[in-house]
Amino acid sequence: MATQSPFFGKRDRDTDSLTSRPAPLVGSGTNLSGTPVNPSSLTAQAGLAPVATAPAKEGGSKLTVGPNIKLKGVEITDCDTLVVEGLVEATMDSRLMQIAEQGEFKGSAEIDIAEIRGVFDGNLTVREKLVIHSTGKVTGKIRYGKIVIEEGGQLSGEISFGAKAS
């Protein structure tokens with residue numbers, strides 16, 4: 001004679017514990033006891049440095065090409081932020097480009113702000129600020145408005161100031 005498993009029986013709607021629980025306080029700015037919590041104090045207590053992020057437009061579009069991903073032969077348009085962790089071979093016009101240490105971009109780009117930790121090879125026009133970190137390598141025809149190169153960062157090719165000129 002088979003017995004019925006207690007896990008597959010009908011629930012008693014009056015004693016359903018899932019519907020009688022209060023909503024969790026996660027993300028409401030308080031801890032479980034109801035005390036207000038400052039998120040920056042939590043990162044300090046955990047020994048973590050706060051993460052600095054570039055200011056992003058509300059509702060702005062973002063494309064992330066993850067590690068081990070290859071995106072070739074495309075034109076990227078209407079993208080506010082491009083994050084490259086893999087390989088991108090493209091032409092693009094964007095507001096912000098971030099190339100991670102393992103990332104590589106080959107092609108042509110017109111950007112407001114570029115942060116390079118990996119490799120860029122091609123035509124790069126940065127209208128506002130180009131930042132090359134210590135692990136970054138930029139080669140090709142480069143035009144920029146402002147430039148910051150950390151010790152160890154590499155820049156080579158045809159380099160000119162004044163990105164707004166054609």
key: Unique match (being out of contact with any helix residue (DSSP H, G or I) (no Cβ under 7 Å at 6 or more places or on another chain), exposed (fewer than 15 other Cβ atoms within 10 Å of the Cβ), assigned by TED's automatic domain parsing to the domain that holds Ser134 and at pLDDT 50 or above) among Val74, Val84, Val88   = Val74
task = Among the residues of region 105-119, count how many are within 17 Å of the chain's Cα centre (by Cα), surrounded by 20 or more Cβ atoms within 10 Å (Cβ to Cβ) and free of Cβ contacts under 8 Å to residues at least 40 places away in the same chain.
result = 7
request  = Look through Thr135, Thr125, Thr64 and report the one residue that is surrounded by 15 or more Cβ atoms within 10 Å (Cβ to Cβ), within 19 Å of the chain's Cα centre (by Cα) and not charged (D, E, K, R).
outcome  = Thr135
remark   = By residue number, the members of region 126-166 that are in a loop (DSSP other than H, G, I, E, B) and β-branched (Val, Ile, Thr) are Thr135
inquiry  = Being out of contact with any Ser or Thr (no Cβ under 8 Å at 6 or more places or on another chain), within 22 Å of Glu85 (Cβ to Cβ) and of a type in the set (A, V, I, L, M, F, W, C): is that true of Val138 here?
reply    = no
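The values are calculated or read from the model by the stated rules, or taken from the named source; none is laboratory data. All figures in this text were calculated on a predicted structure; none of them were measured in a lab. Ideal geometry is used to build each Cβ from the backbone, glycine not excepted, and the neighbour counts take in all protein chains shown.
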